[in-house]
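What follows is a set of notes on a single structure, which appears directly below.
The values are calculated or read from the model by the stated rules, or taken from the named source; none is laboratory data. This one's a predicted model, so the numbers in the text were calculated from it and none came from an experiment. So basically every Cβ, Gly included, is an ideal-geometry build from the backbone, and we count neighbours across all protein chains shown. What goes into the accessible areas is simple: the full protein's heavy atoms, side chains included, and nothing from ligands, DNA or RNA. Shrake-Rupley method; radii C 1.70, N 1.55, O 1.52, S 1.80 Å.
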Amino acid sequence: AAPPGSRGPVAYTASMDEGRAERVGLLADLHRALEDEELALHYQPKLDLAFGLVTSVESLVRWDHPRLGRLSPDTFVPLAESTALIEPFTHHLLGKALHQARRWQDQGIDLSVAVNLSARNVVDPELPEKVAAALAVAGVPASRLTLEMTESSMVEDPRRTIEVLERLAAIGVTISLDDFGTGYSSLSYLQRLPVRELKIDRSFVRGLEATHSPENVAVSAALIRSITALKDALGLRVVAEGVEDHHVLEQLRDLGVDLIQGYVISRPMPADHLDSSMFRWHTT
Ligand code: C2E
Ligand code: CA
Ligand code: CA
Ligand code: CA
């Protein structure tokens, strides 16, 4: 089978050349964007339902392109992923996220930061050393870093990925499985992976919304329940992403979800725009 993200043969069209030229141009811009500090991280809180506090945030990249304006990651992350640029790209953002984690730490805020990894990052045998070095430079303990990866990243080279993840977990970094439920590997892999967090994909969360028929809602609820039913046995915490309303939040709580992420809590925003009253502060 074709690896995820690859494209089958397509008929040639004149607009293909244009599209290709555009991508090449954007890729060159992206190389430069790293040096010129055009990439910024926004942060989105994950609310811990047991504490009623935000104990972690996910970093999400934004690109302020000098000509095209603010670009969303869906337009340029896949581009970076299609070349070796994804390695310096991820490292650049990891450094930024850890720098911010250090600032929160210095302010007395108890917060861990999540960084998204791409498939290519998790087969890099040097990733654990790179992460350890970045933590040391920032002066942040590994316990404050979560690395999010999708199940589909596993498919390429599961053995190599598992080894990289095990070494990351050994440093003390939390591994999170993103978009859970959308891949093929799912449950069978969980036992073999040093994963401590599962993020239920937004599509399942969407299924709970009142716009769906009661039957659909029941199926979504059962699917989510089947994931949370595993969490204790596997030593995992479960996050629901893309939660937009309070009614869904309450359903997720009843279904055994531990953390909530989504517009109902906060949109992703620059670090100093976040509502710090939801943070856990050190009392010394
Ligand atoms: P993701 O990791 O699944 O991130 C969640 C996406 O859902 C984010 O979109 C976030 O803004 C959006 N979101 C959060 N809450 C809600 C909600 O309540 N409703 C709706 N409709 N959307 C919500 P964003 O920031 O555009 O990122 C899209 C994807 O781009 C991410 O999906 C991730 O795959 C990728 N990405 C973003 N930042 C990075 C990065 O720094 N590195 C890498 N490798 N990928 C990144
Ligand atoms: Ca993510
Ligand atoms: Ca996700
Ligand atoms: Ca995603």
Distance from the Cα centre of region 142-169 to that of region 47-120, in angstrom? 17
Pair TRP281, ASP110: separation of 7 Å Cα→Cβ label points (nm): 1.4
Residue-span extension gain [ARG206 to HIS247] - 0.36 nm each, minus C-alpha spacing: 13.6 nm
Pair-distance profile P(r), taking every C-alpha pair of region 131-284, with 5 angstrom steps and integer %: 2, 8, 16, 18, 18, 16, 12, 7, 2, 1, 0
For the chain, average projected area of the Cα convex hull in nm²: 16.9
Pull up all non-local amide H partners of TRP281: gap of 5 or more, or a different chain, and H-to-H distance under 5 Å with H placed in the peptide plane. ASP110
State in Å² the accessible area per residue of the chain; use a 1.4 Å probe, count heavy atoms of protein chains only, and round to the nearest integer. 50
At a 1.4 Å probe, what is the % contribution of carbon and sulfur to the accessible area of region 199-280? 53
Within straight cross-link reach of LYS96, meaning Cα distance under 28 Å, which lysines are found once same-chain residues fewer than 8 apart are removed? LYS46, LYS130, LYS199
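Calculate for the chain the 222 nm mean residue ellipticity that helices alone would give, adding -39,500 (n - 2.57) per DSSP H run of length 4 or more and normalising by residue count, nearest 500 deg cm²/dmol.
Working: 11 runs with 120 residues, N = 284.
Helix contribution divided over all residues of the chain: -13000 deg cm²/dmol.
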Please find the FRET efficiency linking LEU230 to ILE171, where r is the Cβ-Cβ separation and R0 is fixed at 22 Å, and quote it to the nearest 0.05. 0.30
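Given the Cα-Cα distance of ASP36 and HIS273 and 0.36 nm per residue of separation, how much length would full extension add, in nm?
Stretched fully, the ASP36-HIS273 segment lengthens by 83.0 nm.
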Quote the relative contact order of region 55-200 in percent (integer), defining contacts as alpha-carbon pairs under 8 Å separated by 6+ residues. 20
Show me the ranking of peptides 136-143, 62-69 by mean Cβ neighbours inside 10 Å, starting with the highest. 136-143, 62-69
Ignoring GluC sites (Glu not before Pro) buried by more than 11 other Cβ within 10 Å or outside DSSP loops, the longest site-free run in the chain is 127-284
